[in-house]
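Reviewing the structure listed below.
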Amino acid sequence: MTCTVHDLYKYKIAWLRVDTQTILTIETLVITKSERIAITHTEQRIWQLRIKDIKESDKGWYMCQINTDPMKSQMGYLNVVVPPDILDHPTSQDMVVLEDSNVTLTCAATGVPEPTVTWKREGEKSLTAVEDSGITSHDGAMLHIYQIQRHNAGSYHCIASNGVPPTVSKRIIVTVNFQPIIRLPARQYYAELGGRVVLECYSESQPNSINYWMKGKGEIILQGGTYDSTFEDHVFKVAMKIVVRLEKAADFGVYKCVAKNSLGTTEESVKIYRKTSKTKQVENQVVQQSNYLGSTTFIKNYTDNKIKDILLTASAASSSGMRGTSEWIVMVVAFTASVFL
């Protein structure tokens, strides 16, 4: 802080702290016991009060005073700004919560002026299931997440800023635990005796699950399966595949995909059906013959292994003037259908 005095003559300059009525310096002599206070006098008219290692407690009114009668003085206010800081307590730490529970994240920040706290999701994902859902950041020292879901898991950043650099942040990882879920690409498979089928099953869980296949009601299949585990978006994902060789009739039937963790067990069933014969092509024929059947249409339908012979009167054709035998046209219309016996 600088005080400039012209024509001082025999008078003296003193620096005081107004709020405590403390004399800090007189002329070039430091009166206060604080080692952080110093005084400089330059060019015969400039007096500077210097405070090193400035603290927030140093803010306030200071006075440059001349011991004239009456006294002359000039005051100045020292405003101390403090960069933001995030306190370890009561700021939230990394946490593990159950799905559907309510979660509150707290960010305790200090600084002068008072910092503004902003919440952001890592990767710029939108905040869901919170106030102002759908935005990419959320203001306020407390962040509430109601009925948290597995997709709300991840890293949250508490960011404190007050215009005084640097801006600070703290990362809080929220893990959401839930019972395994299972997804099946198909629930029914068809194959012949002597063939093979690849069964697929996909599970997600948190914490990690134990995964296995079962045959029927309780026989665990210990061999022949592959289990590829990955960890994505704070969720354990397992892709399960198993090759079933259908060497005997007992190899057909129900198979179960099972995923188990500390929160429960989930299972889903698939079934392998035996195909007793090859798929065959079935023809439906429509035959129009005038010289053999007269003015009739003969239809043979082989659908569903049943033969139906239906004679229909083709009166419309005969009345159109097409009476000559050579004028009749023989047409065969065939279509195929897959039939399992």
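Determine whether SER73 is without any contact (Cβ under 8 Å) to a residue 24 or more places away in the chain, of a type in the set (Gly, Ala, Ser) and in contact with a Cys (Cβ under 8 Å, 6 or more places away or on another chain).
Values: without any contact (Cβ under 8 Å) to a residue 24 or more places away in the chain: yes; of a type in the set (Gly, Ala, Ser): yes; in contact with a Cys (Cβ under 8 Å, 6 or more places away or on another chain): yes.
Here the answer is yes, as SER73 does meet what is asked.
Each residue in segment 22-53 was checked for being on the phi > 0 side of the Ramachandran plot and surrounded by 10 or more Cβ atoms within 10 Å (Cβ to Cβ), and 1 pass. Among the residues of segment 92-125, those that are closer than 22 Å to HIS234 by Cβ and of a type in the set (Asp, Glu) comprise ASP94, GLU99, ASP100, GLU122, GLU124. Of all residues in segment 235-254, those that are open to solvent by 50 Å² or more (accessible area, probe 1.4 Å), in contact (Cβ under 8 Å) with a residue 24 or more places away in the chain and under 19 Å from ARG274 (Cα atoms) total 6.
Look at segment 186-201: where a residue is assigned to a loop (DSSP other than H, G, I, E, B) and a partner is of a type outside the set (Ser, Thr, Tyr) and open to solvent by less than 60 Å² (accessible area, probe 1.4 Å), sitting 6+ places away or on another chain with Cβ atoms under 6 Å, you get ARG187/VAL270; GLU192/LYS275; LEU193/LEU246; GLY195/LEU246. Taken over segment 184-234, the residue count meeting the criterion of being surrounded by 12 or more Cβ atoms within 10 Å (Cβ to Cβ) and closer than 27 Å to ASP100 by Cα is 15. Scanning segment 82-99 for residues that are out of contact with any Ser or Thr (no Cβ under 7 Å at 6 or more places or on another chain), open to solvent by 70 Å² or more (accessible area, probe 1.4 Å) and at pLDDT 95 or above turns up GLN93, ASP94, LEU98.
The condition of being within 27 Å of the chain's Cα centre (by Cα) and not assigned by the TED database to the domain that holds VAL96 holds for only one of SER203, SER155, SER169, that being SER203. Restricting segment 151-168 to residues that are assigned to a loop (DSSP other than H, G, I, E, B) and open to solvent by 40 Å² or more (accessible area, probe 1.4 Å), the residue that is nearest to VAL235 (Cα to Cα) is THR167.
The values are calculated or read from the model by the stated rules, or taken from the named source; none is laboratory data. On a predicted model such as this, the values are computed, not experimentally measured, just so you know. Because the Cβ atoms are built from the backbone with ideal geometry, glycine has one as well, and the counts that use them run over all protein chains shown. These accessible areas exclude ligands, DNA and RNA; they are computed on the full protein's heavy atoms, side chains included. Shrake-Rupley method; radii C 1.70, N 1.55, O 1.52, S 1.80 Å.
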